[in-house]
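Just below is one structure, and these are the notes that go with it.
The values are calculated or read from the model by the stated rules, or taken from the named source; none is laboratory data. Only a predicted model underlies this, so the values are computations on that prediction, with no experimental measurement involved. With ideal geometry, Cβ positions are generated from the backbone for all residues, glycine too; neighbour counts draw on all protein chains shown. To get the accessible areas, we keep the full protein, side chains included, count just its heavy atoms, and leave off ligands, DNA and RNA. Shrake-Rupley method; radii C 1.70, N 1.55, O 1.52, S 1.80 Å.
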Amino acid sequence: MQHLFLDCSHGMSGDMTLASLAHLGVDLSPLPGLLAQAGVACRLEVWQEERGGGPGCRVEVSWEAEGQPLRHPADIAAIFAAVPVSDRVRHKALAVLEALTLAEAEAHGIAPEEVHFHEVGAVDTLVDILGACWALDQLGVERVTACALPWFGGSITCAHGEIPLPAPATANLMRGLPVYPTDAKTELVTPTGAALLRHFVKRFGPMPVMAAQTIGYGMGKKEFAQANCVRAFWGETADRQDEAAQLSCNLDDMTGEDIAFAAEQLLAAGALDVWTQAIGMKKGRPGVMLCCLCRPEDAARLGEAMLRHTTTLGVRKTLCTRQVLERENRVLQAGEDTVRVKIAAGAGARKAKLEYEDLAAIARRSGETLAQVRRRLAPLLEE
């Protein structure tokens, strides 16, 4: 499997990500031309730069200030829709933009549609997002993992005055991700960099066992005492393995309705899967084993939820590995119908499935049977 591991222990930003991919060998020169076809005039400079840690790449986006209007998320989304790239790249760029928009909206206490990107410049933001999604696609990356992120302090002055670091939007995007403390009093992770990590990285932790074919160094604009760069290791991993925790408990004094409610609460809390199994318990009593599959970092929280919503006095936990396909969710349009599609690929297989809830809603509205709606929208699975 083509695997990309990002060593962002010294920081992470959109331009550093682009620079690391350029150093891996991705030719970024087509990007300005692609954006020009969507009405965005900009320049993208890429050059080799050597610092204390060795040679790497720098990337800089520039534009004519008077020719660029203030842009909101809908404006950037419209540009992504008009750029002549594959639907795969477009969906990823829109997903990263949505993550960044929601984080900014929460940080400023406003509606998502009111967000604008004046701090870093709308052009910088859209080039970094689209460029990273396009470059990863060009590289043929099937899986992205990264190390824990550095936590930093200090403050920065922006249009809203002096704000603490990490910037509120960055802190929102880093919420739930593994971090470690540093003494840095400057911005090490930007909102765009955090949004890219939030979308693309499937696992945070040590570098996996892999045969790295190429290493790319993406240099940042600032110079610190330590190296200001992202290191990208691109190579092969043996298989698609992921870590998971399985929680379980035995129940013999709960009704089916109560168990169903407990399962519903576990799924709402972020469980990957929940199921029950009929078992025989002591004194010959029939019972139910309630099982929950989750990410290892969520095990304690979901174990507490299982204790809270069931009558059990204890929860068992087993750590395991699983072989998985790469997954992607898309939202597609067919006339007036909007439907979500779940896509999984890898190991020589590709699987796609239309979301049941969306099919059912369309069937209720149109008067068709569920089977008729599924057949009518089946061509979407080939896109």
Self-check item: Those residues of segment 133-147 which are within 17 Å of residue 13 (Cβ to Cβ), within 14 Å of the chain's Cα centre (by Cα) and not in a strand (DSSP E or B), in sequence order
Solution: 133, 136
Self-check item: Test set (1) in contact (Cβ under 8 Å) with a residue 24 or more places away in the chain; (2) assigned to a strand (DSSP E or B); (3) surrounded by fewer than 12 Cβ atoms within 10 Å (Cβ to Cβ) - residue 277 fails condition number
Solution: (1)
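Does residue 34 fit the bill of being at pLDDT 95 or above and within 23 Å of residue 203 (Cβ to Cβ)? Before you say what the answer is, go through the steps one by one.
On the way: at pLDDT 95 or above: yes; within 23 Å of residue 203 (Cβ to Cβ): no.
Considered against the rule, which asks whether it is at pLDDT 95 or above and within 23 Å of residue 203 (Cβ to Cβ), residue 34 comes out as no.
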Practice problem: Kindly indicate the residue of segment 356-380 that is acidic (Asp, Glu) and under 28 Å from the mean Cα position of the chain (by Cα) and also nearest to residue 341 (Cα to Cα) among those meeting that condition. | Solution: 358
Quiz prompt | Residue among 349, 300, 268 that is free of Cβ contacts under 8 Å to residues at least 12 places away in the same chain, open to solvent by 30 Å² or more (accessible area, probe 1.4 Å) and over 27 Å from residue 98 (Cα atoms) | solution = 300
Quiz item: Out of (1) surrounded by 16 or more Cβ atoms within 10 Å (Cβ to Cβ); (2) of a type outside the set (Ser, Thr, Tyr); (3) touching a residue at least 40 places away in the same chain (Cβ under 8 Å); (4) not in a strand (DSSP E or B), the odd one out for residue 314 is which?
Solution: (1)
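Tell me yes or no: at least one residue of segment 188-200 is closer than 27 Å to residue 297 by Cα, open to solvent by less than 80 Å² (accessible area, probe 1.4 Å) and part of a strand (DSSP E or B). Step through it out loud before you land on a result.
Initial filter on segment 188-200 (closer than 27 Å to residue 297 by Cα): 188-200.
Those left that are additionally open to solvent by less than 80 Å² (accessible area, probe 1.4 Å): 188-197, 199-200.
Subset that is part of a strand (DSSP E or B): 189.
The answer is yes; a qualifying residue exists.
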Quiz prompt | Flag for residue 225 being open to solvent by 80 Å² or more (accessible area, probe 1.4 Å), part of a loop (DSSP other than H, G, I, E, B) and not aromatic (Phe, Trp, Tyr) | solution = yes
Exercise. Select from segment 319-333 the residues that are exposed (fewer than 12 other Cβ atoms within 10 Å of the Cβ) and touching a residue at least 24 places away in the same chain (Cβ under 8 Å) and list them in ascending order.
Key: 319, 320, 321, 323
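Table: residues versus (1) more than 21 Å from the chain's Cα centre (by Cα); (2) open to solvent by less than 20 Å² (accessible area, probe 1.4 Å); (3) modelled with pLDDT of 95 or more; (4) under 22 Å from residue 331 (Cβ atoms).
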site: 38; (1), (2), (3), (4): yes, no, no, yes
site: 54; (1), (2), (3), (4): yes, yes, no, no
site: 66; (1), (2), (3), (4): yes, no, no, no
site: 75; (1), (2), (3), (4): yes, no, no, yes
site: 88; (1), (2), (3), (4): no, no, no, yes
site: 115; (1), (2), (3), (4): no, yes, no, yes
site: 122; (1), (2), (3), (4): no, yes, no, no
Exercise. Quick one: residue 153 ticks every box in (1) surrounded by fewer than 17 Cβ atoms within 10 Å (Cβ to Cβ); (2) part of a loop (DSSP other than H, G, I, E, B); (3) within 18 Å of the chain's Cα centre (by Cα) except a single one, so which number is it?
Key: (3)
Exercise. Report whether or not residue 61 is at pLDDT 95 or above and open to solvent by less than 30 Å² (accessible area, probe 1.4 Å).
Key: no
